[in-house]
């Protein structure tokens, strides 16, 4: 049954260029969005940029620019790379846009008027890089406890404004325990429950303009700007018309916030309590994926480990890169980033298995059957696997068991190659066993079609090419129809062309 599906990525800081972490998150979100479109769902996919706060102000100062000038230049790099990576987002939001800043101001005013925000004195250990206060017990050897930071902190004592987050601790624990899919995977859910095991303080939502001027002014005190996280999290509602557009009712609550595991607390503690205070339902799921690592440490620009994927994309192609990147990381777990491993995955899954099945199947149809798709026949093991995959696809997508889904697609591909090796169409042609030959070649060609159907969210361009080579017109439709066995039309003319995933030669 078709549903509304609203998915978001985090909004990315414009203090620097996009890196592999941004790229993985956004490709994964794109694949989820495309998968739900394939299922027939009505999808809204939001991404964007976080343009306020200390990091952006510092980056702009380092370049001798005003923060908005810096943001205007940097945002283009995100927008362009998402276009280059074939990201199908429906909307791109910037936190400097009026449609966002006005919502932040209205929410702040409403919470303040209702006593949910109050003024108080605060003393705490502040990390300028993370733009976050820590308690003394949080510190690790006197430094910021964020494993991606670990920089020195400074003690700050000043007047600030606080959101009454602490009183919602028991309510949030109850919600998490009653909704197993609210925080995914289970390890992150347990992490948040562990965090909530102790007292939960109120959230400091202001920063003095004496040390940070780049932010949304508090509507009730112009001497302060809004804490960047309180500002940024509201993009998930401002980006779909909160307080502005009736469409908000269609899309909220969000189906999925996709995030990295380093921002679990902000999304799974700050954000739910903010929404509860605003009188809005919580998102259905928050899924935290793992980190790309090298040498056991997170790949991070701040630690000098930036990765530029463009050379690999030029080598194996964009769709192949999207595929092997998602194949290499089990959602929720960390994965070591290695170009050698990704190339090996390219050869095993794409060149040797899928590409080989596609090319040899079409070559034999051309050689033995005059290039025409034969009439359908019993599909045997291939049909069984394809029909089982169709039956389970929605549940696999909705449970974010995407690695399992891909394993089953490539199992169908490998079964196609096994059928060819076992049935030996060249022998059937030589022995003039035409009926058996047609049955075998139709079956493996249909398996190719169905494999590319399921891979089309990862390989939108290549899957379209594969569809054309199989003699099919138009574009991929919805799974309900396209996923049925027998979609290839007898008599259609195949067009082989070049191998879709050529093997790389040494030195490439």
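The values are calculated or read from the model by the stated rules, or taken from the named source; none is laboratory data. Computed from a predicted model, the values in this text were never measured in an experiment. We place every Cβ from the backbone using ideal geometry, glycine too, and count neighbours over all the protein chains shown.
Taking the listed residues 252, 271, the one that is modelled with pLDDT of 95 or more, in contact with a helix residue (DSSP H, G or I) (Cβ under 6 Å, 6 or more places away or on another chain) and under 20 Å from residue 99 (Cα atoms) is 271, with no other qualifying. Can you find a residue that is in contact (Cβ under 8 Å) with a residue 40 or more places away in the chain and either under 30 Å from residue 331 (Cβ atoms) or assigned by TED's automatic domain parsing to the domain that holds residue 32 (or both) anywhere in segment 416-428? Yes. Being surrounded by 19 or more Cβ atoms within 10 Å (Cβ to Cβ) and in a helix (DSSP H, G or I), is that true of even one residue in segment 136-155? No, there is no match, as no residue in segment 136-155 is surrounded by 19 or more Cβ atoms within 10 Å (Cβ to Cβ) and in a helix (DSSP H, G or I). Residue count for segment 488-501, restricted to those that are part of a loop (DSSP other than H, G, I, E, B), out of contact with any helix residue (DSSP H, G or I) (no Cβ under 7 Å at 6 or more places or on another chain) and in contact (Cβ under 8 Å) with a residue 12 or more places away in the chain: 4. Under the condition of being modelled with pLDDT under 95, over 16 Å from residue 170 (Cα atoms) and in contact with a helix residue (DSSP H, G or I) (Cβ under 6 Å, 6 or more places away or on another chain), the residues counted in segment 181-228 number 1. You will find that of 440, 373, 444, 397, the residue that is surrounded by 21 or more Cβ atoms within 10 Å (Cβ to Cβ), outside the structural domain of residue 255 (by TED's automatic domain parsing), within 20 Å of residue 330 (Cα to Cα) and touching a helix residue (DSSP H, G or I) at 6+ places or on another chain (Cβ under 8 Å) is 397 and no other. Looking at segment 149-166, can you tell me whether even one residue there is under 30 Å from residue 398 (Cα atoms) and in contact with a helix residue (DSSP H, G or I) (Cβ under 6 Å, 6 or more places away or on another chain)? Taking every residue of segment 149-166 in turn, none turns out to be under 30 Å from residue 398 (Cα atoms) and in contact with a helix residue (DSSP H, G or I) (Cβ under 6 Å, 6 or more places away or on another chain). Selection of first residues in segment 125-138 that are on the phi > 0 side of the Ramachandran plot and in the same structural domain as residue 156 (by TED's automatic domain parsing) and of second residues that are in a strand (DSSP E or B) and modelled with pLDDT of 80 or more, restricted to Cβ pairs under 9 Å at least 6 apart or on distinct chains, gives the following pairs, ordered by first then second residue: 131/207. Here is the figure for segment 456-481: residues that are touching a residue at least 60 places away in the same chain (Cβ under 8 Å), part of a helix (DSSP H, G or I) and either in contact with a strand residue (DSSP E or B) (Cβ under 8 Å, 6 or more places away or on another chain) or more than 16 Å from residue 362 (Cβ to Cβ) (or both) total 4. For segment 19-45, the set of residues classified as touching a strand residue (DSSP E or B) at 6+ places or on another chain (Cβ under 8 Å) and either over 15 Å from residue 460 (Cβ atoms) or not assigned by TED's automatic domain parsing to the domain that holds residue 77 (or both) consists of 20, 21, 22, 24, 25, 41, 42, 44, listed by residue number.
What number of residues within segment 334-370 satisfy the criterion of being farther than 21 Å from residue 499 by Cβ, surrounded by fewer than 19 Cβ atoms within 10 Å (Cβ to Cβ) and in contact (Cβ under 8 Å) with a residue 60 or more places away in the chain? The qualifying residues number 0.
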